[in-house]
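J.: The structure follows.
The values are calculated or read from the model by the stated rules, or taken from the named source; none is laboratory data. What you see is a predicted model; the values in this text were computed from it and never measured. Here the Cβ positions follow ideal geometry from the backbone for every residue, glycine too, while neighbour counts run over all protein chains shown. Only protein heavy atoms, including side chains, enter the accessible area calculation; ligands, DNA and RNA are left aside. Shrake-Rupley method; radii C 1.70, N 1.55, O 1.52, S 1.80 Å.
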Amino acid sequence: MIAAAELNQAAVVGVPVKDTVKCVKDGIIMATPDRRLLWSVQTPQVFEARIIKLAYRRAAEQGFLGTDDASLVEKMGVKVVMVEGKYDNIKITTPEDITIARALFAPPNAPPRIGFGYDVHAFAENRPLILAV
């Protein structure tokens, strides 16, 4: 991911969708996008620091709420490269995701483990900063 971002300024990891996706409005199917063009975006997402900072600043100025960091960068017209990930790189967003994570990774009957962490790094002059979100 870092190498992809260094070459392209912006990169995300994801996998091709397996399901058929429908565009629906008021309960009526409006369209079926070409599945060959659809990817599920995962983490990490990596950007040059100046680009992601500018993307957040512009989004705030325009009142734009993207669905992820990449959508803010895309809105500026910056190309974001997709790096193929793995289907077991899941996000824990809903209670069902915990069930899936247990099935994939936990020993049988193991209690869930949840943690929080942070990193602190010193800034250095004349050195690019790359953030992975």
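Yes or no, residue by residue, for (1) at pLDDT 90 or above; (2) loosely packed, with under 10 Cβ neighbours inside 10 Å; (3) under 18 Å from the mean Cα position of the chain (by Cα); (4) in a helix (DSSP H, G or I):
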site: E61; (1), (2), (3), (4): yes, yes, no, yes
site: T67; (1), (2), (3), (4): yes, yes, yes, no
site: N109; (1), (2), (3), (4): no, yes, no, no
site: R113; (1), (2), (3), (4): no, yes, no, no
site: D119; (1), (2), (3), (4): no, yes, no, no
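J.: Right, another one. Go through region 69-84 and give me each residue that's of a type in the set (A, V, I, L, M, F, W, C) and either touching a helix residue (DSSP H, G or I) at 6+ places or on another chain (Cβ under 7 Å) or at pLDDT below 90 (or both).
T.: At the first step, the residues of region 69-84 found to be of a type in the set (A, V, I, L, M, F, W, C) are 70, 72-73, 76, 78, 80-83.
L72, V73, M76, V78, V80, V81, V83, listed by residue number.
J.: Just the residues that are modelled with pLDDT of 80 or more, surrounded by 10 or more Cβ atoms within 10 Å (Cβ to Cβ) and small (G, A, S), please, taken from region 85-107.
T.: Those that are modelled with pLDDT of 80 or more, surrounded by 10 or more Cβ atoms within 10 Å (Cβ to Cβ) and small (G, A, S): G85, A101.
J.: Can you tell me which residue is most open to solvent (accessible area, probe 1.4 Å) among those in region 13-59 that are in contact (Cβ under 8 Å) with a residue 60 or more places away in the chain and touching a Pro at 6+ places or on another chain (Cβ under 8 Å)?
T.: Ranking the candidates gives E48 first.
J.: Tally the residues that are in contact with a helix residue (DSSP H, G or I) (Cβ under 8 Å, 6 or more places away or on another chain) and not in a helix (DSSP H, G or I), restricting the search to region 35-59.
T.: First, the residues of region 35-59 that are in contact with a helix residue (DSSP H, G or I) (Cβ under 8 Å, 6 or more places away or on another chain): 41, 45-48, 51-52, 55-56, 58-59.
Pick out the ones that are also not in a helix (DSSP H, G or I) and you get 41, 45-48.
Residues in region 35-59 being in contact with a helix residue (DSSP H, G or I) (Cβ under 8 Å, 6 or more places away or on another chain) and not in a helix (DSSP H, G or I): 5 in total.
J.: Suppose the filter is in a helix (DSSP H, G or I) and over 30 Å from P128 (Cα atoms); does L104 pass it? If you could, list the steps in order and put the result at the bottom.
T.: On the way: in a helix (DSSP H, G or I): yes; over 30 Å from P128 (Cα atoms): yes.
Judged against the criteria, L104 is a match.
J.: In this structure, does T32 turn out to be out of contact with any helix residue (DSSP H, G or I) (no Cβ under 7 Å at 6 or more places or on another chain), among the hydroxyl-bearing types (S, T, Y) and within 30 Å of A124 (Cα to Cα)? Write out each step before concluding.
T.: Values: out of contact with any helix residue (DSSP H, G or I) (no Cβ under 7 Å at 6 or more places or on another chain): yes; among the hydroxyl-bearing types (S, T, Y): yes; within 30 Å of A124 (Cα to Cα): no.
The answer is no for T32.
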